[in-house]
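The values are calculated or read from the model by the stated rules, or taken from the named source; none is laboratory data. None of these values were measured; they are calculated from a predicted model. Heads up, the Cβs are rebuilt from the backbone with ideal geometry, glycines too, and the neighbour counts pull from every protein chain shown.
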Amino acid sequence: MSKRWQTWAVAGAAVGMAGAILWQRRQQQATHQDTTPFSTKYGPWAIVTGAARAEGIGYGFARHLAGRQINLVLVDILADELEARAAELRRNYLVKVRPVALDLGQPDFINRLLAETDGLDIGLLICNHMYTPSDTPPILDMPLEMHHRMLDINARAYTTLAHTYGRQMVNKGRGGIILVSSGAGMRGTAYTGAYSANKAYQFMFGEALWYELLGSGVDVLVLAPGLTRTQGDALDNYPAFMMMDVEPVVTETLAGLGQKHLVIPGPVNKLLEVLSARFMSRRQAVMTTGKLMAQGLQKE
Ligand SMILES: NC(=O)c1ccc[n+]([C@@H]2O[C@H](COP(=O)([O-])OP(=O)(O)OC[C@H]3O[C@@H](n4cnc5c(N)ncnc54)[C@H](OP(=O)(O)O)[C@@H]3O)[C@@H](O)[C@H]2O)c1
């Protein structure tokens, strides 16, 4: 056999072997797939924060969970809207719903929430709430007190919730935690810099927690949505092809729980992430994102 043919034969054998190993791995994963029903694993109660707005992602999660007959503790700062959402869910899905109106930026909020959830078997925690000022000032133009309040709501509260209910779940040996971060948490995002930094905190916290809880029976997942239609006309200046509806974001995330550690929903967001991470330097990606934000928020 010529040298050329020998090289082809070795390369072919290597590819064949790699294929066989991958196939065997897939088969092993398939046989180890957890067949426990969703509501048994992540029920009978779930907490969803930031669930008051009818068009929001939090309420999207609440609807899907109610559809799977999981009872809900809904937390938000908007008391009246929360009561309205709770009534809708009870009426449409015949589940139990406890609306808890809370400012998650208050240092002692967890005592109130623990009292409200006392005796409930919480199988799923979805940290979804967020606060960012609607005029999205540049970092140094935003008052320092506002930076601190955002850290309390978006970083401190996420930590407190995941720590408190995560420990309960680990003790039971089952459960799930979804941390709703953002594509803005993957790189510095100008004109919403504080939000971007808060989202990066949630992202790293969630990924690390996912690894640390492997084998504990508690599944952790970070959700990093791109632009999602939840804010009325506030996002109208961004390119339309980048926008997603709430439904597919929620469906893909719940399908990924227990399977994946990260969901970047939708093909466009996935493609944009590959382009930014693999085909641009980090500096180029920050520049491109900054220009997009300047256009979307009409800043420059
Ligand atoms: N929509 C998007 O394009 C997009 C993109 C990427 C990531 N995300 C993330 O997805 C999640 C849901 O976003 P969404 O667009 O669906 O927003 P949303 O409907 O506005 O949900 C956030 C909820 O959290 C509430 N909240 C604010 N401060 C609070 C506090 N101190 N205590 C308790 N609740 C408080 C908000 O009330 P107020 O309205 O009164 O502030 C609001 O009801 C967020 O974590 C967001 O960062 C959204």
Total residues in the stretch 257-271, condition surrounded by fewer than 19 Cβ atoms within 10 Å (Cβ to Cβ) and assigned to a helix (DSSP H, G or I): 4
Within the stretch 61-75, the count of residues that are in contact with a Lys or Arg (Cβ under 8 Å, 6 or more places away or on another chain) and within 12 Å of the ligand (Cβ to nearest atom) comes to 2
Select from the stretch 76-127 the residues that are in contact (Cβ under 8 Å) with a residue 40 or more places away in the chain, in a helix (DSSP H, G or I) and of a type in the set (Asp, Glu) and list them in ascending order. Glu116
Quick check on the stretch 77-104: of everything there that is under 15 Å from Gly58 (Cα atoms) and of a type in the set (Val, Ile, Thr), which residue is farthest from the ligand (Cβ to nearest atom)? Val97
Pairing a residue in the stretch 276-287 that is part of a helix (DSSP H, G or I) with any residue that is hydrophobic (A, V, I, L, M, F, W, C), where Cβ atoms lie under 6 Å and the two sit 6 or more apart in sequence or on different chains, gives Ser276/Ala285
Every residue from the stretch 44-60 that is more than 7 Å from the ligand (Cβ to nearest atom) and either assigned to a strand (DSSP E or B) or surrounded by fewer than 20 Cβ atoms within 10 Å (Cβ to Cβ) (or both): Pro44, Trp45, Ala46, Ile47, Val48, Ala54
Under 6 Å between Cβ atoms, which residue pairs at least 6 apart in sequence (or on different chains) link something in the stretch 221-240 that is on the phi > 0 side of the Ramachandran plot and among the polar types (S, T, N, Q) with a partner that is more than 8 Å from the ligand (Cβ to nearest atom) and at pLDDT below 95? none
Exactly one condition in (1) within 16 Å of the chain's Cα centre (by Cα); (2) more than 20 Å from Val246 (Cβ to Cβ); (3) surrounded by 15 or more Cβ atoms within 10 Å (Cβ to Cβ) is not met by Ala208; state its number. (3)
Subset of the stretch 191-237 [among the aliphatic types (A, V, I, L, M) and part of a loop (DSSP other than H, G, I, E, B)]: Leu213, Leu214, Ala224, Leu227, Ala234, Leu235
For Pro138: the one exception among (1) under 30 Å from Gln298 (Cα atoms); (2) within 13 Å of the ligand (Cβ to nearest atom): (2)
Considering only the stretch 128-144, state which residues are surrounded by fewer than 17 Cβ atoms within 10 Å (Cβ to Cβ) and either in a helix (DSSP H, G or I) or in contact with a helix residue (DSSP H, G or I) (Cβ under 8 Å, 6 or more places away or on another chain) (or both). Pro133, Pro138, Ile139, Leu140, Asp141, Leu144
Starting from residues that are part of a loop (DSSP other than H, G, I, E, B) and charged (D, E, K, R), keep the ones in the stretch 145-190 and report whichever is farthest from the ligand (Cβ to nearest atom). Arg174
